[in-house]
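All of the numbers you see were taken from the coordinates with simple rules; none came from a lab. Model, not experiment: these values are computed from the prediction. Every residue, glycine among them, receives a Cβ derived from its backbone with ideal geometry; neighbour counts consider all protein chains shown.
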There are 4 protein chains.
Amino acid sequence: MTTATKGDPLLRIAGGGLRIYDLGRPFTIGMPQSPNHPPYWHTLPRRHGDRVRADGGSAANDLISMGTHVGTHIDALAHVSQDGRLYGGGDAAAAGVGGRYEELGAHTIEPIVRRGVLLDVPAAIGERHCAPGYEITPADLETAVQRQGTAPEAGDVVLIRSGWGRHFDDPDRNVYIGQDSGVPGVSEAGARWLAERRVHAVGADTIAFERLAPGAGHAALPAHRVLLVEHGIYIIEAMALEDLAAAGVHEFLFVLSPLALYGATGSPARPLAVVTGA
Amino acid sequence: MTTATKGDPLLRIAGGGLRIYDLGRPFTIGMPQSPNHPPYWHTLPRRHGDRVRADGGSAANDLISMGTHVGTHIDALAHVSQDGRLYGGGDAAAAGVGGRYEELGAHTIEPIVRRGVLLDVPAAIGERHCAPGYEITPADLETAVQRQGTAPEAGDVVLIRSGWGRHFDDPDRNVYIGQDSGVPGVSEAGARWLAERRVHAVGADTIAFERLAPGAGHAALPAHRVLLVEHGIYIIEAMALEDLAAAGVHEFLFVLSPLALYGATGSPARPLAVVTGA
Amino acid sequence: MTTATKGDPLLRIAGGGLRIYDLGRPFTIGMPQSPNHPPYWHTLPRRHGDRVRADGGSAANDLISMGTHVGTHIDALAHVSQDGRLYGGGDAAAAGVGGRYEELGAHTIEPIVRRGVLLDVPAAIGERHCAPGYEITPADLETAVQRQGTAPEAGDVVLIRSGWGRHFDDPDRNVYIGQDSGVPGVSEAGARWLAERRVHAVGADTIAFERLAPGAGHAALPAHRVLLVEHGIYIIEAMALEDLAAAGVHEFLFVLSPLALYGATGSPARPLAVVTGA
Amino acid sequence: MTTATKGDPLLRIAGGGLRIYDLGRPFTIGMPQSPNHPPYWHTLPRRHGDRVRADGGSAANDLISMGTHVGTHIDALAHVSQDGRLYGGGDAAAAGVGGRYEELGAHTIEPIVRRGVLLDVPAAIGERHCAPGYEITPADLETAVQRQGTAPEAGDVVLIRSGWGRHFDDPDRNVYIGQDSGVPGVSEAGARWLAERRVHAVGADTIAFERLAPGAGHAALPAHRVLLVEHGIYIIEAMALEDLAAAGVHEFLFVLSPLALYGATGSPARPLAVVTGA
C-alpha cells in the first residue's frame, strides 16, 4: 500500500518549514485591561492530588472568569452600535434581547486565514515608537506602505504597529491602559483609509485599537464606528507586534480562529503570522 | 510606489484559494460537557442602550465563566498526572502550588500549524459510525491508514473520527456525554500506536478522546496517561469532524492556536483544517 | 469603671439564652437548583502554602460564581414582572437598562427582624409530608393556623412547610427539582390568602415556593405574580424547615439579612428562627 | 379560633418595636477591596422581556462572581494559617486538598446572635477619626470601655470603630484601601487584649481589620494570627459603623448569619445591630 504524498501544495510548503509569530498575549491575573470589562481570573478548582483514581491517575482543571475584551481579542460586529443601530442597520437594543446577539455575535466571525499586512508606523515615520496620544494619519499609513512595499488589498487583514505594545508588561498596568497619557492609533481618517481598501479586519497593539487622547479614555471611538458599524470590518486589539516588526516581516499568512462564543460581543484570541522559512 | 508581490509561496498558495474546515464547536449555555468541570456560562453585563456616549455610540460586552475542558479544547500537559508525577517526572502536587502550573500549563502549548491526518475509523471498518463503548484498536487505525493512504508521521496531528460527534446537538445532553452508553475511542493500545508514531497531538470527536466503557465514566483513562504523561502528546477533545470526513479530506494543514492561559490545564480552542481549493 | 448593665431588654432576654434554628441550606457544588440559573461554583484560588509571608503567615481565599436564585435565597421585587410591569407599575424592560434594577433590586430589601410563623401543612392535614404536585389550599393554611394557634398578622413572615425539603440531599438532584413529579406548594388562591393578611414576606422549603404541576416546570407561576408583583411581598425559597417543624416551633423571631447586591434580582441568604430557651 | 399570644418574651420585646442598624456595605461593581481577591461582578443574564411566558410573566436573574473577602464579610478559621498550621493545629496545606476546607470552612461558622459591643475609639481618644496607620492600643480600647461603660464579656462580639469607614465611598477606591497611607486598627497588642476577654468575634470598619502601616499593605497581619489562628476568634471586615457610632449605640444584639459556603475561607455578610426602640 502506498502512503499519500503530501499532494496538497499547502502541505508541501509547510513541509519545507514554517516560521510562526505569536501575535497574542498570555492571559494572566492582573494583566492590563480596560476597567469596563470583567477582569480575567483563573483558578484551579481541582489540583493534582485532590482526587486520585484507583489506577493512580489524577487530573487538575480550571475555572476561568473573564470579559471577552481583555487581553488579545477580536471584536464581533455586535460589539458597537451607533445611534441605536448595528452594522447592517438592525436595532441594537432589540438585538440583545435574550442575552445574546444572534446575528452578529462572535459565533458569526468566520475563522480567518488570509493575507496579513503589518504597517510598521514608527519605522515609517522615523521613530522608535509613536508618542502617547499620537494620531496615526492616512499619510503615515501611506508612508508605511511605500516604505515596505506592502499595500493592503481587499480582503486582507491589516495590523498597525504603534510600538505601544512595549508597555504591556509594565509593572504599573495603568501605563498600558494609558488613560492619562493617551494612546497612539488611527482615528476617523485612518479608519476611513482602511475601509476604502475594503480590508477584512484590522488590528493594533493597543487596548482600544484607535487613538485615545490624553485623559479622554473611551469617550469617543470614531474608528470603531467607521470600521465595525459602517463597514463590518473586525477589530483585533492588544496584539503583540514587536517581534514581527523587529523581524521585518510585513507580509504573512494571518491566522485567527476565534472561539465561537454564541451571541458574544467578542472573543479572546491568539492570532498568528505565518511565513515560510526555518 | 510599488506593491510587494506576494513573494512568500505560502501567500501565493493562499491567494489561489483556501478551503477551511472549522473543527470546533460553538460555545452555548447548556452544551454537553463533563460534569467535572465548571459549566460554560455567558452573559452580557452591558447591552446596547445601557450606556450611550455623547456621540451616540454604545458598546455591549460579555462575561464568560467556564472550565477550560468544556466544548472543543486542548489538554495541556499539566492536566493529568500519574502516581503523583507529571510529564517529565515532576512532582504534580508541588507543581500546582500557587494556583497555576508554570512549567506545563496551557501557556506552554506552542501554536500548532502542522500536517494533520484524519483517520476516519467508521469508514475504514465499514460502519456509519462506531458503536457506543467501542474500542478503536491499532488494527482499526492501520486499516484507516491503508484505506486512506495517509500514514501519520512524526510531528503530525492525528484526528480520530468515531462518528460520535453526531450526538453533540442531541437535545438530551446526556447522550453525547455517554455515561451509561459508553463512548467509542482508542484505549491504551491505540494510544501506544499513536505514541510510537511520535505524533505531536491527537484529537477526537468525543469529550474524553478515549474509549469509555458503558457506565464507567472517567474511572480510568489509560490513553491520557500514555499520551499526556508518558509521551507529552497533547489531546484535543470534542472536535467536529463530520464535515471533514464527509468531504473525504484526510490530509490537511492543521491549525490550532490555544489561548495562552497562564498556568491553566487546558484551553478552549477552535481548530481548523485547511487545504487548497475554492 | 462601670460596665453597662445590659439595660436593653432585648439583651436581657438574649442573656437568658436563645435557641437558633438555621433555616438555610449549605452551598455546595452540585446542589439541586433550577437549571435556569448559573450554578453555584466555589474554588480556592489561593490555598495555604501558595504564598507564605516572611512572618510565616499564609492566607487562603475563594472565588464564588453563582446565580442568586440557587440554594436558600430571597427574591427581590425586581425578580418577576407581569405584562411588562414590575411591582408599583414601572416598566420592567426599562428598569433593567444599565444591567441592574435600581429601584427594586436586592439592595432595597430591608434586613428582616420580624415575627415569623411556620405553617406546618402536613401536620395540619394529617400527613407526614405533602404529595408531589399537591396544591396547598387556603383551607389547608387555615387548618394549620387553627391547629397551631398562630395566625399570621400584618408585617409577619410566613413560612410554609410542605415537607419537600426532605429531598434536598437526595443523591439524584432531580428529585428535589421535581420537574417530572411536580412539587407541592400554594398556588394562586393560597397566595391571595397570604396577601390578604398583608404579610411582609413568605417562604417555603421548595425551589419555586409555589406548587409545580407534574411536568409543568416553571411554565406558570401565579403565586409569584400575586405576591411579588401585585403585593410587593418577598418570597424566600429552598428553606430548611424540617428541624423547626420537628421541634414544634411555630412562632419565632424571624431574621433574614440579605446581601445588599446592588440591582440584583435576589440574594442568597441564611435565615434564622430565634426563640428564647437554652 | 385562637391566635397564640406572642408568648415568647423575645417576640413581646420585638412587638414593642426594634431599631435595626445595617452594618453592611452594598455590593457594587468597582467597590473598594483588596486586590488579592477576585473582584465583585454582577450581571443580569436574563432581563425582563428576554423571555415572556404564555401567561405574560417574565423573570430576570443574576450571575455573581466574587471573592468572599470583598465588601463586608466574615473570615472563617480556615482563612489564615501560621507556620503551616490552622487553628487547632491541623496541617493547613493538607486541609485544603480537595479544594475546600472541610473542618474550618465558612460552613462551620454558627449563625451569630449575641451581645455586641461597639468600641468607638475616636470618640474615646477625643478625635473625629483615627489617623491613617494609627495603632489602636489596649489603652485606647480600655479608654473606650471606660467612657462608654460597655466592657466586652466572654462570648460577645466586639466591633471597633476607627472612623476609616468614611472613606468607603470615596470616588478613588485606593483611599479606602489605604495601601500608601496606611490604615488604622489594632495590632498584636490590641488583638491580645480582645483574646484575653474571650470574645467570640471581632469586627472593624476597614478592609483588613488590623492596622496597616503606610506602604506595608498586608505584609504582616499579627492580629489575624492572634485572633483566627491562636484563639479561633472570627474577624469581620469592611463594616459600616458610622451610623451606629453617631447614634451613640454601644451595646446591642449583634446578628450575623453567614452563608454556609461549604469549605470556603469566608462569607460575604450583612451584619445587624438591633436594639429596642422605635
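Given a 10 angstrom Cα cut-off, can you work out which residue in B:R85, B:R12, B:R173 is the most mobile in a GNM of chain B?
Maximum fluctuation in the GNM of chain B, among the listed residues, is at B:R12.
How well do other chains shield peptide A:268-276, expressed as the mean number of their Cβ atoms within 10 Å of each residue Cβ?
Partner Cβ neighbours, averaged per residue: 5.
Rank B:I109, B:T143, B:G190 by how far each Cα sits towards the positive end of the charge dipole of chain B (+1 on Lys, Arg Cβ; -1 on Asp, Glu Cβ) and give me just the farthest.
B:I109
Between the label point of B:D180 and that of the same position in each other copy, find the distances and list them shortest first in nm, with every label point placed 7 Å from Cα along the Cα-to-C-beta direction.
From this label point to the equivalent ones elsewhere in the assembly: 0.9, 6.4, 6.4 nm.
How big is the charge dipole of the stretch C:168-251 about its Cα centre, in debye rounded to the nearest 20, if each Lys and Arg gets +1 on its Cβ and each Asp and Glu gets -1 on its Cβ?
For the stretch C:168-251, the charge dipole is close to 440 debye.
Quick one: pull the percentage of alpha-carbon pairs in the stretch C:21-102 with a separation above 19 Å.
So the pairs more than 19 Å apart make up 61 percent of the total in the stretch C:21-102.
Counting only other chains, what is the mean number of Cβ atoms within 10 angstrom of the Cβ of each residue in peptide D:180-192?
0
Which one, D:G126, D:Q82, D:P9, projects farthest toward the positive side of the charge dipole computed for the stretch D:8-130 from Cβ point charges (K/R +1, D/E -1)?
Ranked along the dipole, the leading option is D:P9.
Which residue fluctuates the most in chain B, going by a Gaussian network model with Cα springs under 10 Å, if the choices are B:D83, B:D170, B:D75?
Top of the fluctuation ranking is B:D83.
Is there a simple number for the mean count of other chain Cβ atoms within 10 Å of the Cβ of residues in C:107-116, and what is it?
For this peptide, the per-residue mean of nearby foreign Cβ atoms is 4.
Order of A:14-26, B:217-229 by packing, highest average Cβ count within 10 Å first?
Final packing ranking: B:217-229, A:14-26.
Once the label point is set 7 Å along the Cα-to-beta-carbon vector, what list of distances in nm do you get between B:A54 and its counterparts in the other copies?
Those separations, rounded to one decimal, come out as 4.8, 5.2, 7.0 nm.
Identify, for chain A, the residue whose C-beta comes nearest the rotation axis onto chain C, and round that distance to whole Å.
Its Cβ sits closest to the axis: A:T43, 2.
At q = 0.18, 0.23, 0.24, 0.26 Å⁻¹, work out log10 I(q)/I(0) for the stretch D:76-137 with the Debye formula, treating every Cα as an identical point scatterer and leaving solvent out; two decimals please.
Reported log10 I(q)/I(0), two decimals: -0.77, -0.86, -0.90, -0.99.
Go ahead and estimate [θ] at 222 nm for chain B from helices alone: -39,500 (n - 2.57) per DSSP H run with n ≥ 4, summed, over the residue count, rounded to 500.
Mean residue ellipticity at 222 nm (helix-derived): -4000 deg cm²/dmol.
With a 10 Å cut-off between alpha carbons and a GNM built on chain D, which of D:N61, D:N174, D:N36 moves the most?
Looking only at D:N61, D:N174, D:N36, the largest GNM fluctuation is found for D:N61.
In the stretch C:190-268, if every C-alpha pair distance is counted and binned at 5 Å from zero, what percent goes to each bin?
3, 12, 20, 23, 23, 13, 5, 0
Among D:P214, D:A245, D:T276, pick out the residue whose Cα is farthest towards the positive end of the charge dipole of the stretch D:201-278, where Lys and Arg carry +1 and Asp and Glu carry -1 on C-beta, about the Cα centre.
D:P214
From the label point of A:R12, set 7 Å from Cα along Cα→Cβ, how far away are the matching label points in the other copies, in nm, ordered shortest to longest?
A:R12 label point versus its equivalents elsewhere: 1.1, 10.1, 10.1 nm.
Given the protein assembly as shown reduced to its alpha-carbon atoms as identical point scatterers, what log10 I(q)/I(0) does the Debye formula return at q = 0.05, 0.09 Å⁻¹?
Summing over Cα pairs of the protein assembly as shown leads to -0.35, -1.11.
About the Cα centre, and with charges only on the beta carbon of Lys, Arg (+1) and Asp, Glu (-1), how big is the dipole of the protein assembly as shown? Nearest 20 debye, please.
0 debye
Distances longer than 27 Å among the Cα atoms of the stretch D:127-272: what percent of all pairs is that?
Of the Cα pairs, 16 percent sit more than 27 Å apart.
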